[in-house]
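The values are calculated or read from the model by the stated rules, or taken from the named source; none is laboratory data. Quick caveat: nothing in here was measured; it's all calculated off a predicted structure. Quick reminder, even Gly has a Cβ in these numbers, built from the backbone with ideal geometry, and neighbours come from all protein chains shown.
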Amino acid sequence: MDSRYSIIRRNTLKARALVIRATAAAGSGHPGGSFSMAEILGCLFYKHMTYDTNNPLWKDRDRLVLSKGHAAPGLFSHLAISGFIQESEVETLRSLGSRLQGHPDMKCPGVEFCGGSLGTGLSYSVGMALAARLDGLSSRIYTVVGDGESNEGQIWEATMTAAKFKLDNLTVILDRNYVQQDSYTEGVMPLDAATKSSDPVAARGDPTAWRTSDKWRAFGWHVIEVDGHRIEQIDSAITESKRISGKPTIIISRTVKGKGVQHMEDNPKWHGKAPSKSMVPIILDELKSQSLVAPSIIAGDMTRLDLEVKRCDEAGSDYIHMDVMDGAFVPVVTFDHEKLKELRPLTDIPFDSHLMISEPVKHVKRYAEAGSDIITVHAEACNVSEFGEIHDYLRSVGVGVGIAINPKTSLPVWLKEFVPTLDQVIVMSVVPGYSGQSYIPESHKKTRDVIQSLNKMGFNGVVEADGGVNVSNVADCFDDGARVFVGGSSMVGQPDMRRAIDDIKNSISYARRRMLLHRAHILGGSDMVNNWIALHEVGEQHNVLHQIAQECGVL
Ligand code: DX5
Ligand code: ZN
């Protein structure tokens, strides 16, 4: 338990927005490398590190060393959200007298190392880990190193030293984003084997080319490989690293430089370049519109839910939607917390548990303890007092809090007090009870109205479209404002689930690009649309956007 997935995800999205605000205000800075490590720092700050923002020098605190110091905006954004500094302070980045300069220094509370001269942070961390051990401190040292940074010989001296002294209170995370200063790592000083295609980041997608871990293993480290944008994988890896004794751990975190803002992704130009102020509103909309797919396993073989979970894992799901039905709230029985507990060890992917049960207040603890990352209960099955109990309990154990409403149900008036701390609202687009039903068309307008009301009440979570969502209506559901898309028959019910999910993700991506082009047009007409499209230089993005712009009449 103690998932904290929803907290980590929400705060990481917010941190990216702060990086944009900070670098745009400063007119300089490093967004690319701040974005590639955003989830890594999210897992550290909002789950794994122990610290006291009122006592930043508390001797037993865990320490974060940002060895790739140029990604300072990424560090400052998380220091702000954690409460070390005010969020507004990030917009003083690089200004005279600010505590937040181009590279971190100890003027700023929470900064443990004056990074910037690459290669030195790991040596410094080795010293800290040795000192913590000598002083008998329980502190853990977490160090984020860049892949380009590991061109520096000192990194390898420190790597050898950490192994020699068996520094198992040291966890290093390598931000493996394949881009350094002004080019791609594999062209400057490769860490992986050469790949067949000329694409400079092809190694990220080709595990047979991965050699970075061999190097660290050869130096005597415990090595874990993760997808550096999958919170659940980073989370599990950090947990694992704490259990290792007798050797330091490195988590090789395969990431995308500029992740979250399409025109910055894998583009060396955004290593050290600030977005222009005019583009900030569109970029912030882009960050807010990150979407997730949540296949529902009850559309599969109910006698082999273990295989269905594995299929979801292999198909690139973001969540696994667990439709719990008790035969009382809905006429059907699917499975209960015992089954969920049995399925939990099969994957790290977050369980998005949708409890279609009566009296959820009596059962929610079992579903949290069984391994749910988010639990959504039905407004029709509880009153304000029961929902208050559910809400407070789930937040206390780090499980996301959701509420669902049936097609004929409006948002309960009593929900208002909980909205600012709600993680998810499911707007049902079928009458609950079965997968394979058709999307109720009135749900589009209902979703838009619900989101409008929620936003007025300070909603920071996501709306999930659930019921009859498929590749032909998902773009409309995106336009309504939903950001998590459940698919039973349209995903799990398909023989090739990965293909089905990819098709749905492509549909969502089309709708997202269209939304941003319309936003550019509203802000500045066709000139702004052309300027927005011109930013997209990598691969085919430019042509794709140009075509969408013409199709939707903004060019
Ligand atoms: C219905 C469930 C939905 C359903 C989704 O009661 O809450 O999650 O299983 O399946 P499809 O996408 O096929 O409607
Ligand atoms: Zn559901």
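So, of the residues in region 178-213 that are polar (S, T, N, Q) and outside any helix (DSSP H, G or I), which turns out to be surrounded by the most Cβ atoms within 10 Å (Cβ to Cβ)? Once the filter is applied, the top-ranked residue is 180.
Checking the structure you have, find out if any residue of region 168-189 is touching a Gly at 6+ places or on another chain (Cβ under 9 Å), free of Cβ contacts under 8 Å to residues at least 60 places away in the same chain, of a type in the set (Ser, Thr, Tyr) and over 28 Å from residue 350 (Cα atoms). Yes, region 168-189 contains at least one residue that is touching a Gly at 6+ places or on another chain (Cβ under 9 Å), free of Cβ contacts under 8 Å to residues at least 60 places away in the same chain, of a type in the set (Ser, Thr, Tyr) and over 28 Å from residue 350 (Cα atoms). Within 16 Å of ligand 1 (Cβ to nearest atom) and either small (Gly, Ala, Ser) or in contact (Cβ under 8 Å) with a residue 24 or more places away in the chain (or both) - does that describe any residue in region 451-460? No, region 451-460 has no match at all.
Residues that are under 22 Å from residue 23 (Cβ atoms) and assigned to a loop (DSSP other than H, G, I, E, B) do occur in region 167-177. Do we find that residue 469 is in contact with a Pro (Cβ under 8 Å, 6 or more places away or on another chain), outside any helix (DSSP H, G or I) and within 8 Å of ligand 1 (Cβ to nearest atom) in this structure? Considered against the rule, which asks whether it is in contact with a Pro (Cβ under 8 Å, 6 or more places away or on another chain), outside any helix (DSSP H, G or I) and within 8 Å of ligand 1 (Cβ to nearest atom), residue 469 comes out as no. Tell me, yes or no, whether region 462-480 has at least one residue that is in contact (Cβ under 8 Å) with a residue 40 or more places away in the chain and surrounded by fewer than 21 Cβ atoms within 10 Å (Cβ to Cβ). No, region 462-480 has no match at all.
Across region 464-500, the number of residues qualifying as within 15 Å of ligand 2 (Cβ to nearest atom) and either touching a Phe, Trp or Tyr at 6+ places or on another chain (Cβ under 6 Å) or closer than 15 Å to residue 449 by Cα (or both) comes to 6. Only one of the listed residues (375, 390) is within 16 Å of ligand 2 (Cβ to nearest atom) and crowded, with 17+ Cβ neighbours inside 10 Å. That residue is 375.
Looking for something hydroxyl-bearing (Ser, Thr, Tyr), farther than 18 Å from residue 313 by Cβ, surrounded by 19 or more Cβ atoms within 10 Å (Cβ to Cβ) and in contact with a strand residue (DSSP E or B) (Cβ under 8 Å, 6 or more places away or on another chain) - is there at least one such residue anywhere in region 350-370? So far as region 350-370 goes, yes, one or more of its residues are hydroxyl-bearing (Ser, Thr, Tyr), farther than 18 Å from residue 313 by Cβ, surrounded by 19 or more Cβ atoms within 10 Å (Cβ to Cβ) and in contact with a strand residue (DSSP E or B) (Cβ under 8 Å, 6 or more places away or on another chain). With respect to the conditions (1) over 12 Å from residue 65 (Cβ atoms); (2) part of a loop (DSSP other than H, G, I, E, B), residue 114 lacks only one, and its number is (1).
Search region 291-309 for residues being out of contact with any helix residue (DSSP H, G or I) (no Cβ under 8 Å at 6 or more places or on another chain) and farther than 20 Å from residue 9 by Cβ, and hand back the single one that is nearest to ligand 1 (Cβ to nearest atom). Checked region 291-309; the qualifying residue nearest to ligand 1 (Cβ to nearest atom) is 302. Taking the listed residues 242, 259, the one that is surrounded by fewer than 19 Cβ atoms within 10 Å (Cβ to Cβ) and either within 18 Å of the chain's Cα centre (by Cα) or part of a helix (DSSP H, G or I) (or both) is 242, with no other qualifying.
Listed here are the residues, each with its yes/no results for (1) β-branched (Val, Ile, Thr); (2) within 19 Å of residue 6 (Cβ to Cβ); (3) touching a Cys at 6+ places or on another chain (Cβ under 6 Å).
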| residue | (1), (2), (3) |
| --- | --- |
| 408 | no, no, no |
| 420 | no, yes, no |
| 438 | no, no, no |
| 447 | yes, no, no |
| 455 | no, yes, no |
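Consider region 404-445 and keep the residues that are in a helix (DSSP H, G or I) and of a type in the set (Lys, Arg). The one that is farthest from ligand 1 (Cβ to nearest atom) is 416. Note on region 422-460: residues that are within 16 Å of ligand 2 (Cβ to nearest atom) and of a type in the set (A, V, I, L, M, F, W, C) amount to 7. When region 300-319 is limited to residues that are under 22 Å from residue 478 (Cα atoms) and surrounded by fewer than 24 Cβ atoms within 10 Å (Cβ to Cβ), the one that is nearest to ligand 2 (Cβ to nearest atom) turns out to be 318.
For (1) at pLDDT 95 or above; (2) within 16 Å of ligand 1 (Cβ to nearest atom); (3) assigned to a helix (DSSP H, G or I); (4) out of contact with any Asp or Glu (no Cβ under 8 Å at 6 or more places or on another chain), each residue gets a yes or a no:
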| position | (1), (2), (3), (4) |
| --- | --- |
| 311 | yes, yes, yes, yes |
| 318 | yes, yes, no, yes |
| 331 | yes, yes, no, yes |
| 348 | yes, no, no, no |
| 385 | yes, no, yes, yes |
| 394 | yes, no, yes, yes |
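Answer yes or no: is there a residue in region 147-155 that is buried (at least 16 other Cβ atoms within 10 Å of the Cβ), under 29 Å from the mean Cα position of the chain (by Cα), of a type in the set (Ser, Thr, Tyr) and closer than 19 Å to residue 251 by Cβ. Checked region 147-155: at least one residue is buried (at least 16 other Cβ atoms within 10 Å of the Cβ), under 29 Å from the mean Cα position of the chain (by Cα), of a type in the set (Ser, Thr, Tyr) and closer than 19 Å to residue 251 by Cβ. Contact map, region 356-373: first residue among the polar types (S, T, N, Q), second residue modelled with pLDDT under 95 and part of a loop (DSSP other than H, G, I, E, B), Cβ cut-off under 8 Å, separation 6 or more or different chains; pairs are 372/3. Summed over region 346-372, the residues that are within 19 Å of residue 426 (Cα to Cα), away from ligand 2 (no atom under 14 Å from the Cβ) and hydroxyl-bearing (Ser, Thr, Tyr) give a count of 1.
Applying a threshold of 6 Å to beta carbon distances and a minimum spacing of six or more residues, or different chains, the list of pairs starting in region 384-408 at a residue that is at negative phi and ending at one that is of a type in the set (Phe, Trp, Tyr) reads 384/414; 391/418.
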